[in-house]
Amino acid sequence: MSPRSAVVGALCVLCVLELRRASAELRVKPPPAQHKPVRLFTDEDLAGYTGEQEGHPIYLAVKGTVFDVSAGKEFYGKGASYNALAGRDATRAVAKMSLDPADLTHDTTGLTEEQLNSLDDIFENVYKKKYPIVGYTARRILNEDGSPNPHFKPEDQPHFSIKDEF
């Protein structure tokens with residue numbers, strides 16, 4: 001065997017050993033979390049995230065899904081155009097594209113088909129694509145009387161995993 005062949009062989013052995021070590025490290029280390037676990041928000045909890053306090057996140061809910069809209073501080077922050085939507089479930093206001101105080105609610109009763117379609121479009125193509133989901137409103141998961149909402153299906157919720165929550 002030539003000295004060159006011996007060096008190449010030794011390098012190959014070192015490479016294989018290094019690959020095995022790196023592979024073993026990867027198996028031992030858990031993969032990094034893709035997201036933080038979501039939480040359940042009451043109206044009172046959500047009211048604390050209006051952007052009024054410097055350095056605190058800004059949250060708003062649409063269709064019972066709570067988004068961190070802090071990246072859009074220029075729109076949702078203190079004194080900004082859409083600050084009225086922050087710290088609440090503003091589903092009706094988003095559907096109607098309204099800032100009327102009467103529309104700053106989760107209630108969609110009486111909305112037209114066009115408004116409901118607009119709501120779905122904005123929910124899917126603006127909020128879900130642009131802002132991280134940090135939780136859900138209690139109203140989305142529970143009925144007014146505290147019983148479970150039969151229409152809430154955790155498996156259909158983005159970023160919601162029972163094992164992450166408990």
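The values are calculated or read from the model by the stated rules, or taken from the named source; none is laboratory data. Bear in mind the structure is a predicted one, so any value in this text is a computation, not a measurement. Quick reminder, even Gly has a Cβ in these numbers, built from the backbone with ideal geometry, and neighbours come from all protein chains shown. With ligands, DNA and RNA removed, areas are computed over all heavy atoms of the protein, side chains included. Shrake-Rupley method; radii C 1.70, N 1.55, O 1.52, S 1.80 Å.
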Once phi for every residue in the range 103-111 is put through the Karplus expression 6.51 cos²θ - 1.76 cosθ + 1.60 (θ = phi - 60°), the whole-Hz ³J(HN,Hα) values, with Gly and Pro written as x, are 8, 7, 8, 7, 5, 10, 4, x, 6
Going by average Cβ neighbours within 10 Å, how do the peptides 127-135, 111-119 rank, with the highest at the top? 127-135, 111-119
Around L142, which amide H atoms from residues at least 5 apart in sequence, or from another chain, sit under 5 Å from its own amide H, with H modelled in the peptide plane? N149
Most to least packed among 99-105, 79-85, 146-152 [average Cβ atoms within 10 Å]: 79-85, 99-105, 146-152
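In terms of the Cα gyration tensor, with a ≥ b ≥ c the square roots of its eigenvalues, is the range 86-149 rounded because a/c is under 1.5, prolate because a/b exceeds b/c, or oblate? All intermediate terms of the calculation are to be shown ahead of the outcome.
Details: a/c = 1.63, a/b = 1.21, b/c = 1.34.
It is oblate, given that a/c is not under 1.5 and a/b is not larger than b/c.
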Enumerate the calculated ³J(HN,Hα) couplings along the range 125-142 in order (Karplus 6.51 cos²θ - 1.76 cosθ + 1.60, θ = phi - 60°), each rounded to whole Hz, writing x wherever the residue is Gly or Pro. 9, 10, 5, 5, 8, 9, 10, x, 7, 10, x, 9, 6, 4, 4, 6, 9, 10
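Are there GluC sites (Glu not before Pro) in the range 36-86 that DSSP marks as loop and that have at most 13 other Cβ atoms within 10 Å, and which are they? Walk me through the numbers before you get to the answer.
Numbers: sites: E44, E52, E54, E74; in loops: E52, E54.
Answer by residue number: E54.
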Between F67 and residues 5 or more places away or on another chain, the pairs with built amide H atoms under 5 Å apart involve L60, A61, V62, V134
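Using a 1.4 angstrom probe on heavy atoms only, work out the carbon and sulfur share of the accessible area of the range 44-149 in %. Don't jump to the answer; show the numbers that get you there.
Values: 2770 of 5590 Å².
Carbon-and-sulfur percentage of accessible area, whole number: 50.
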